[in-house]
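Undergrad: Quick one: the structure is below, questions incoming.
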Amino acid sequence: MKPGEVPFGKGNIRGVASPESANNAGAQTSFIPLLTLGIPPNAVMALMVGAMTIHNIQPGPQVMTSNPELFWGLIASMWIGNAMLIILNLPLIGMWIKLLTVPYKFLFPAIVLFCAIGVYSTNNNTFDVWMVAAFGFIGYLFLKLKTEPAPLLLGFILGPMMEENLRRSLLLSRGAWSVFVTRPLSAGLLVAAAMLLGIVLLPAIKAKREEAFVEE
């Protein structure tokens, strides 16, 4: 920090610009493993996998050739989105700041209402609205139980894909489970996953993770 500069947390613009820049960069680069390997790096991309699967689009290396309009459309949307952020944020920053003064007790019912209208307008079916309400209640229980919903979401999206590829591998190997450790690629991935799991479970690393995720 420069001499005489406003300290971070007290109005220094660099304290806002740096994490927001990293957030925007991370949001766009998270499409790289999704579109190249078919692996969602986070819960949001897992939802994207589910949406693409519903439309019979298999994420992975073939998406560039089988659905080039989707691939290049995503890239174009990133450029257009960044341009629209500049257009909307710079002249309208005063209005967005005033929205922060709206009490949450007024924002929450409005958000729920708009979600219900959007869900109902999709199929004109009230059952969809009740389903959204049920999953919202389940999410509320997860929040109260301090359970992260992201691993459940990733398992829900990636589970069928893992089972399908597991059965395919066992069919090719005639039921021999040793195929997962005799092939260099699969064995290397299993070793890397085991090492990462062991590192995360180390007491020192676990304590630091818990300290880092504590909300002030």
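Values quoted throughout were computed directly from the atomic coordinates according to the rules given, and no laboratory measurement underlies them. This structure is a prediction, so every number in the text was calculated from the model and none was measured. Glycine also receives a Cβ, built like all others from the backbone with ideal geometry; neighbour counts cover every protein chain displayed.
Undergrad: Each residue of the range 61-76 in order: what ³J(HN,Hα) in whole Hz does its phi give by Karplus 6.51 cos²θ - 1.76 cosθ + 1.60, θ = phi - 60°, with x for Gly and Pro?
TA: Working through the residues one at a time gives x, 6, 5, 5, 9, 7, 9, x, 5, 5, 4, 6, x, 5, 5, 5 Hz.
Undergrad: Label Met78 and Ile117 with points 7 Å out from Cα along Cα→Cβ: what is the distance between them in nm?
TA: 3.3
Undergrad: Something else now. Where the centroid of each part is defined by its Cα atoms, how far is the range 88-122 from the range 21-78 in Å?
TA: About 27 Å separates the Cα centre of the range 88-122 from the one of the range 21-78.
Undergrad: Fewest first, what order do Leu197, Leu74 take by the number of other Cβ atoms within 10 Å? Walk me through the numbers before you get to the answer.
TA: Numbers: Leu197 9, Leu74 15.
Going from least to most buried by this count: Leu197, Leu74.
Undergrad: What are the ³J(HN,Hα) values, in whole Hz, obtained from phi via the Karplus relation 6.51 cos²θ - 1.76 cosθ + 1.60 with θ = phi - 60°, for each residue of the range 107-116 in sequence order, with x given for Gly and Pro?
TA: Going residue by residue, I get 5, 4, x, 5, 5, 4, 4, 5, 5, 5 Hz, with x marking Gly and Pro.
Undergrad: Which of Tyr120, Tyr140 has the fewest other C-beta atoms within 10 Å, and how do the rest follow up to the most? Don't skip to the end; give the middle numbers.
TA: Details: Tyr120 15, Tyr140 10.
Result, fewest neighbours first: Tyr140, Tyr120.
Undergrad: Can you list residues from other chains, or at least 5 along the same chain, whose modelled amide H is less than 5 Å from the amide H of Gly38?
TA: Here Gly60 satisfy the definition.
Undergrad: From largest to smallest, what semi-axes in whole angstrom does the range 47-93 give when each is the square root of 5 times an eigenvalue of its alpha carbon gyration tensor?
TA: 29, 12, 6
Undergrad: Tell me, Kirkwood radius of the chain from alpha-carbon pair distances, in Å? Can you show the working numbers first?
TA: On the way: mean 1/r = 0.0451 Å⁻¹.
Radius from the Kirkwood sum: 22.2 Å.
Undergrad: Now a separate question. Using only the alpha-carbon atoms of the range 1-70, report the extent along each of the three principal axes, biggest first, to the nearest angstrom.
TA: 57, 20, 18
Undergrad: What list of ³J(HN,Hα) couplings, whole Hz, do you get for the range 86-97 from phi and the Karplus terms 6.51, -1.76, 1.60, once you set θ to phi - 60° and write x for glycine and proline?
TA: Karplus-based 3J(HN,Hα) across the range 86-97 equals 5, 5, 7, 7, 5, x, 10, 4, x, 5, 5, 5 Hz.
Undergrad: Quick one: how many lysine pairs in the chain have C-alpha atoms under 29 angstrom apart, if they're 8 or more apart or on different chains?
TA: 10
Undergrad: Which three extents, in whole angstrom, do the alpha-carbon atoms of the range 72-197 cover along their principal axes, largest first?
TA: In descending order, the Cα extents are 62, 38, 32 Å.
Undergrad: Two decimals is fine: what is log10 I(q)/I(0) at q = 0.14, 0.20, 0.23 Å⁻¹ for the range 102-172, from a Debye sum with one equal scatterer on every Cα and no solvent?
TA: Each listed q corresponds, in turn, to -0.68, -0.97, -1.05.
Undergrad: Still on this structure: Based on the Cβ-Cβ distance of Glu163 and Leu88, what FRET efficiency does E = 1/(1 + (r/R0)^6) give at R0 = 45 Å, to the nearest 0.05? Please report the intermediate quantities before stating the final value.
TA: Values: r = 43 Å, r/R0 = 0.96.
After rounding, the FRET efficiency stands at 0.55.
Undergrad: Applying 1/(1 + (r/R0)^6) with R0 = 22 Å to the Cβ-Cβ distance of Phe108 and Arg14, what FRET efficiency is obtained, to the nearest 0.05?
TA: On the way: r = 32 Å, r/R0 = 1.47.
That pair, Phe108 with Arg14, gives E of 0.10.
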